[in-house]
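The values are calculated or read from the model by the stated rules, or taken from the named source; none is laboratory data. Keep in mind the model is a prediction, meaning the values are calculated, not measured. So basically every Cβ, Gly included, is an ideal-geometry build from the backbone, and we count neighbours across all protein chains shown.
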Amino acid sequence: MVKKKFWRCYVCNDVHCGVAPPEVCPTCKVRHAYVEVGAAEARRVLGFGPEGTFSRDDFRRAIEAFAAPNEFQVNPNEERVATLINGIFENERNHGLKYCPCRLWTKDFEEDLKIVCPCNFPTHETYKGLPNGECWCGLFVRRKA
Amino acid sequence: MSRLIMFHGRECPHCRKMLPIVEELEKATGIVFDKKEVWHNEENANLMRSLRETIAAKCGGQLRVPTFFNADSQDVMCGEVEYEKLKAWAEKT
């Protein structure tokens with residue numbers, strides 16, 4: 001797997017994680033503004049304490065916004081979504097990342113990144129090419145035409 | 001009778017749906033599943049991890065739940081299934 005690094009915009013302190021920095025900062029629009037920083041600095045710049053500050057409501061809003069321009073949507077079954085978000089946050093609290101509650105982490109970090117929600121489910125056999133496709137846990141379902 | 005294991009997760013909706021189906025099958029047939037929750041019980045999780053090669057081969061390359069495992073034949077079935085499919089799988093020798 002390609003080694004990703006953290007990058008900080010020297011103008012507005014946006015933080016990017018990737019193999020290379022964005023050419024243009026998406027927030028302040030300054031060109032060539034990113035400098036590489038360490039993970040600890042990136043975390044501090046982002047203002048995350050040990051417990052994080054991203055609530056369940058924040059996550060719910062984030063996945064709705066993530067799904068909006070895509071061909072999938074958050075499952076309309078509210079009870080299922082509530083159960084899953086509860087599990088996702090339990091896993092983050094107990095195991096460090098928002099692991100899918102319907103799969104088990106292997107303790108191989110690179111492998112387990114594949115089950116952090118949202119995962120790359122459009123490539124999975126439970127979604128790809130299926131009219132009623134959904135991610136394994138059912139948090140995301142293909143949007144009806 | 002084969003030793004059957006159901007690996008499940010407490011916050012997995014598929015598992016929640018399957019648990020009463022498993023219990024119904026147990027009552028009707030006398031078949032017993034050893035139910036092992038894997039996200040809140042490290043011993044159970046380690047058992048499932050130890051079977052990774054066998055389980056992942058049948059479950060999209062991953063350790064998915066619910067997974068039904070026959071400890072004698074090493075047969076694996078994962079995901080939500082209908083009662084009759086579960087029964088047929090469980091009764092296989």
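General remarks:
- Members of region B:1-21 found to be surrounded by fewer than 23 Cβ atoms within 10 Å (Cβ to Cβ) and free of Cβ contacts under 8 Å to residues at least 24 places away in the same chain, listed by number: B:16, B:19, B:20
- Failed condition for residue A:76, given (1) modelled with pLDDT of 95 or more; (2) in contact with a helix residue (DSSP H, G or I) (Cβ under 8 Å, 6 or more places away or on another chain): (2)
- Test for residue A:24: is it under 23 Å from residue A:134 (Cβ atoms) and either not assigned by TED's automatic domain parsing to the domain that holds residue A:137 or not hydroxyl-bearing (Ser, Thr, Tyr) (or both): no
- Some residue of region A:8-26 being β-branched (Val, Ile, Thr), part of a loop (DSSP other than H, G, I, E, B) and farther than 30 Å from residue A:111 by Cα: yes
- Residue B:65 vs. criteria within 13 Å of the chain's Cα centre (by Cα), at pLDDT 95 or above and away from chain A (no Cβ under 14 Å): no
- Selection status of residue A:29, on the phi > 0 side of the Ramachandran plot, among the basic types (Lys, Arg), away from chain B (no Cβ under 14 Å) and without any contact (Cβ under 8 Å) to a residue 40 or more places away in the chain: yes
- Pair list, Cβ under 6 Å, 6 or more apart: region A:119-135 residue farther than 15 Å from residue A:102 by Cβ, other residue part of a loop (DSSP other than H, G, I, E, B): A:133/A:127
- Residues (among the β-branched types (Val, Ile, Thr), away from chain B (no Cβ under 11 Å) and more than 21 Å from residue B:46 (Cα to Cα)) located in region A:114-138: none
- Residue pairs whose Cβ atoms lie under 9 Å apart, sitting 6 or more positions apart in sequence or on different chains, and linking a residue in region B:36-52 that is more than 10 Å from chain A (Cβ to nearest Cβ) to a partner that is charged (D, E, K, R) and surrounded by fewer than 18 Cβ atoms within 10 Å (Cβ to Cβ), are B:36/B:43; B:37/B:10.
- Test: residue in region B:16-31 that is within 13 Å of chain A (Cβ to nearest Cβ) and in contact with a helix residue (DSSP H, G or I) (Cβ under 6 Å, 6 or more places away or on another chain): no
- Qualifying residue in region B:68-79 (condition: within 11 Å of chain A (Cβ to nearest Cβ), β-branched (Val, Ile, Thr), in contact with a helix residue (DSSP H, G or I) (Cβ under 8 Å, 6 or more places away or on another chain) and under 28 Å from residue A:127 (Cα atoms)): no
- Output for region A:89-113, where each listed residue is within 12 Å of chain B (Cβ to nearest Cβ) and either loosely packed, with under 15 Cβ neighbours inside 10 Å or in contact (Cβ under 8 Å) with a residue 40 or more places away in the chain (or both): A:92, A:93, A:94, A:95, A:107, A:108
- Take the conditions (1) at positive phi; (2) touching a helix residue (DSSP H, G or I) at 6+ places or on another chain (Cβ under 8 Å); (3) not charged (D, E, K, R); residue A:96 misses just one of them, which is (2).
- Per-region count, region B:53-80, residues over 19 Å from residue B:15 (Cα atoms) and touching a residue at least 24 places away in the same chain (Cβ under 8 Å): 3
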